[in-house]
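In what follows, a structure is listed as C-alpha cells, so that the remarks can point back to it.
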Amino acid sequence: MSETPVSETPVSETMSDRLDMMQARMLDKGFGKVLGPKLTHLDEGFCRMALPWREELSRGDARVHGGVIAALIDKAGTTAAWAYTDIPEGTKGATISMNVNFLEGAVSDMVAEARTIRRGGSIVVVDVDVLNDQGGKVAKGLVTYKLSRPRTA
C-alpha cells in the first residue's frame, strides 16, 4: 500500500465541513452578514478570517472605521472560542469583555487571526491580531468569552 504524498492529499472533508458550518453559524447571518468576513482557516481554538475593504466600512474616507475593526475582533474571538469540537450541544455563549488597541489606520483588506490563550471550564480568553494586506498589524484585541454549558436535570 503506497502513501499519498502530502501535496496530493485532499483537504479533509470533515475540516471543510466544519469551516462551512462555522461560516454559516457565526458569519453568514445577522450582523456577521452585514460585516462580511469570510472564514479561511479553522482549527481547535484558532481561526483566520478575511474582511475585504469596501466603502461602506469606511469612516467616509479611505480608512476603515474603528468600530468595524472592533467588530471583526469580536467575531474572530467568538469564532475561535467556538472552534473546539468538544463543546456540548445546547451550549450558549457571549462576549463578556473585549479590549482593542488600534495600532495604525486600515486602508486595505484585513485579516483577523484569533488564538485561544486560555480555556477554562466556561471562560475562554482569545488573543486577536488584525493585519492589513501587507501583513502589518492594524489592531490587537483580547476577547473574553463565556460558554454556558447546558444545564442537566
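When a footprinting reagent is the concern and you count Cβ atoms within 10 Å, what order do V34, V143 take, fewest first?
If I rank by nearby Cβ atoms, fewest first, I get V34, V143.
For a quick check of your reading of the filter: which GluC sites (Glu not before Pro) in segment 28-128 sit in a DSSP loop and have no more than 12 other Cβ atoms within 10 Å?
Within segment 28-128, the qualifying GluC sites (Glu not before Pro) (loop, at most 12 other Cβ atoms within 10 Å) are E44, E89, E104.
Say each of F31 and S122 gets a label point 7 Å from the Cα, pointing the same way as Cα to Cβ; how far apart are those two points in nm?
2.2 nm
Identify which of G77, G66, G141 has the largest mean-square fluctuation in a Gaussian network model of the chain, with springs joining Cα atoms closer than 10 Å.
Fluctuation is largest for G66.
Within the chain, what percent of beta bridges assigned by DSSP are antiparallel, to the nearest 5?
For the chain, the DSSP antiparallel bridge percentage is about 100.
Scan around W53 for amide H atoms under 5 Å from its own, H built in the peptide plane at 1.01 Å from N, and keep only partners 5 or more places away or cross-chain.
Residues meeting the criterion, in which the H sits 1.01 Å from N, are D109, M110.
With contacts defined as alpha carbon pairs under 8 Å and 6 or more residues apart, what's the relative contact order of the chain in percent?
Relative CO of the chain lands at 22 percent.
In deg cm²/dmol, rounded to 500, what helix-only [θ] at 222 nm does the chain give when every DSSP H run of at least 4 residues adds -39500 (n - 2.57) and the total is split over its residues?
The helix contribution divided over the chain gives -6500 deg cm²/dmol.
Scan segment 45-94 for trypsin sites (Lys or Arg not before Pro) in coil per DSSP, keeping those whose Cβ has at most 12 other Cβ atoms within 10 Å, and list them by number.
Filter output for segment 45-94: R54, R59.
Kirkwood hydrodynamic radius (Cα pairs, Å) of the chain?
That comes to 16.3 Å for the chain.
Order of K140, K38 from fewest to most other C-beta atoms within 10 Å?
Going from sparsest to densest Cβ surroundings: K38, K140.
Laboratory data are not the source of any read-out in this text; all were calculated from the coordinates shown. Since the structure is predicted, the reported quantities are computational estimates derived from the model, not experimental observations. No Cβ is skipped: glycine too gets one built from the backbone with ideal geometry, and neighbour counts run over all protein chains shown.
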